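Only one structure is covered here, and it is reproduced in the block below.
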Amino acid sequence: MTTETITAAASGTWTLGDLTVNRIGFGAMRLPQTGEALIENAVPRDRDQAVAVLRRAVELGVNHIDTAAFYFSPLRSANELINRALAPYADDLVITTKVGPCRDASGRWGTHAATPEELRGQVEENLRQLGRDHLDVVNLRILGTDSIAERFGALADLRKAGLIRHLGLSNIHPHHLAEAQAIAPVVCVQNRYGIGIRPDHDAFVRECGEQGIAYVPFYSIAGAAGQAGAAQTAVDDEVLAVARAHGASPAQVRLAWTLHRGPHMLAIPGTGDLEHLAANVAAGALRLTEDELATLDALHRRGDA
């Protein structure tokens, strides 16, 4: 499919609280480094290349960028790259960030979830790095199944104080959503999901849509390869056949499939390559037939990741 003239507007829009975004966004996780993401001693990406990708994303209509203060490599921070590339920010640009995991300056991950006090520090660090006086959306990212009430409550307090506009959740189990909603409104859920990934969460995906909550899948292109990236992802025959029928890539088909799961689905593919960026944005214009969706849905249900 031709990508040069397709913008993120082709994907349609969704509203995060009172913030309208195009459904194809951009994930900044891979920007600070080349190769596998979020590893210690990662190789920093060329700064000018990263800045060029961010600016081109906005030119292509992307107005939803996902980031975090813990997205960094030696010499590079995703937030500071965003600040350099895009500040002063356009009025319609929505920057979503995450807090929760602890990572020290060397890149090593902590073994505990952030305390309420640490969460405030992480929010303040995101504000500093991005050069903002408030954060549009903050996702509490968690591990495990334990209660999130104390930590989400701490973010709800920061929302009341005006440091955060809207709240979301990342890497959660379905029961966490109800627990959070009893404390403050939730505008988005960001979970791992894609063709063959978590078919057991299909009902949860639908429930989010019924409640008007955006569902934002990560690793929807990489699939089981996760942080290793799409290059390590096996190409299923069904995906390849649909891609050939549309003159598209398997990655574009995987993105398009997630968007077809409901109007509340938002995509945040990340890349440090300008051509891949254009292709990811163009996936928002890919319309799959009912037969193709049935084939891909069947493939998805066979997944056990």
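Every number in this text was worked out from the coordinates using simple rules, so none of it is lab data. Predicted model, so just to flag it, every value in this text is computed and none were measured. Using ideal geometry, Cβ is built from the backbone for each residue, glycine included, and neighbour counts are taken over all protein chains shown.
Scan region 192-216 residue by residue and report those that are within 14 Å of the chain's Cα centre (by Cα) and farther than 22 Å from residue 159 by Cα.
Step one: list which residues in region 192-216 are within 14 Å of the chain's Cα centre (by Cα), which gives 192-194, 214-216.
Within region 192-216, 192, 193, 194 qualify.
Looking for whichever is out of contact with any strand residue (DSSP E or B) (no Cβ under 9 Å at 6 or more places or on another chain) and in contact (Cβ under 8 Å) with a residue 24 or more places away in the chain here; the options are 177, 143. Which one fits? Working first, answer last.
On the way: 177 fails: out of contact with any strand residue (DSSP E or B) (no Cβ under 9 Å at 6 or more places or on another chain).
After applying the criteria, what remains is 143.
Considering only region 181-198, state which residues are in contact (Cβ under 8 Å) with a residue 60 or more places away in the chain and either surrounded by fewer than 17 Cβ atoms within 10 Å (Cβ to Cβ) or among the aliphatic types (A, V, I, L, M) (or both).
Answer for region 181-198, where residues must be in contact (Cβ under 8 Å) with a residue 60 or more places away in the chain and either surrounded by fewer than 17 Cβ atoms within 10 Å (Cβ to Cβ) or among the aliphatic types (A, V, I, L, M) (or both): 185, 187, 195, 197.
Name every residue in region 107-120 that is over 15 Å from residue 149 (Cα atoms), in a loop (DSSP other than H, G, I, E, B) and not charged (D, E, K, R), in order of residue number.
107, 110, 111, 112
Within region 151-163, how many residues are among the small types (Gly, Ala, Ser) and in a loop (DSSP other than H, G, I, E, B)?
Residues flagged as among the small types (Gly, Ala, Ser) and in a loop (DSSP other than H, G, I, E, B) within region 151-163 amount to 2.
Listed residues 112, 64; which is within 16 Å of the chain's Cα centre (by Cα) and not hydroxyl-bearing (Ser, Thr, Tyr)? Write out each step before concluding.
Working: 112 fails: within 16 Å of the chain's Cα centre (by Cα).
One residue alone meets the criteria, 64.
Just wondering, is there one or more residues in region 141-149 that are under 21 Å from the mean Cα position of the chain (by Cα) and assigned to a helix (DSSP H, G or I)?
There is no residue in region 141-149 that is under 21 Å from the mean Cα position of the chain (by Cα) and assigned to a helix (DSSP H, G or I).
What number of residues within region 263-305 satisfy the criterion of being part of a helix (DSSP H, G or I) and over 20 Å from residue 23 (Cα atoms)? Working first, answer last.
The initial filter retains those residues of region 263-305 that are part of a helix (DSSP H, G or I), namely 274-285, 290-302.
Cutting the leftovers down to over 20 Å from residue 23 (Cα atoms) gives us 290-292, 294-302.
Selection size over region 263-305: 12.
Going through region 265-284 one residue at a time, which ones are crowded, with 22+ Cβ neighbours inside 10 Å and of a type outside the set (S, T, N, Q)?
Listed by number, the residues that qualify are 265, 266, 267, 268, 269, 270, 277, 281, 282, 283, 284.
Determine the pairs where a residue that is farther than 13 Å from residue 194 by Cα, located within region 284-305, has a partner that is of a type in the set (S, T, N, Q) with Cβ atoms under 7 Å apart, the partner being 6 or more residues away or on another chain.
Correct list of pairs: 284/11; 286/252.
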